[in-house]
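Trainee: Sharing a structure here in structure tokens format.
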Amino acid sequence: FTLPTWQAVGGSGLPSDASAAEQTMRAQILQQRAGWGQWPACAAKLGLY
């Protein structure tokens, strides 16, 4: 996560200091808001677009 993206999905502090569970939760929020484009290689590998 970039810090602005982390903050935009409700994170506080540094993403690297957050637990794995919180990072996953914030990633799920980001995916719901912005789609799979945030992870293009993974999405392509999974056939999501």
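Trainee: Please work out the FRET efficiency for the pair Q31 and L3, using the Cβ-Cβ distance as r and a Förster radius of 22 Å; give the result to the nearest 0.05.
Mentor: Working: r = 19 Å, r/R0 = 0.84.
E between Q31 and L3, to the nearest 0.05, is 0.75.
Trainee: Suppose only helical runs count, i.e. DSSP H with n ≥ 4. What mean residue ellipticity at 222 nm does that imply for the chain under -39500 (n - 2.57) per run, divided by all residues and rounded to the nearest 500 deg cm²/dmol? Mind showing how you got there, number by number?
Mentor: On the way: 3 runs with 27 residues, N = 49.
Value at 222 nm, helices only: -15500 deg cm²/dmol.
Trainee: Using alpha carbons only, how many degrees (0 to 90, rounded to 10) separate the axis of helix 20-34 from the longest principal axis of the chain?
Mentor: Computed tilt is about 50 degrees.
Trainee: Between T24 and Y49, what's the calculated FRET efficiency when r is the beta-carbon distance and R0 is 35 Å? Round to 0.05.
Mentor: Details: r = 21 Å, r/R0 = 0.60.
Working from the Cβ atoms, E equals 0.95.
Just so you know, all these numbers are worked out from the coordinates, no wet-lab data involved. Only a predicted model underlies this, so the values are computations on that prediction, with no experimental measurement involved. Virtual Cβ from ideal backbone geometry, glycine too; neighbours counted across all protein chains shown.
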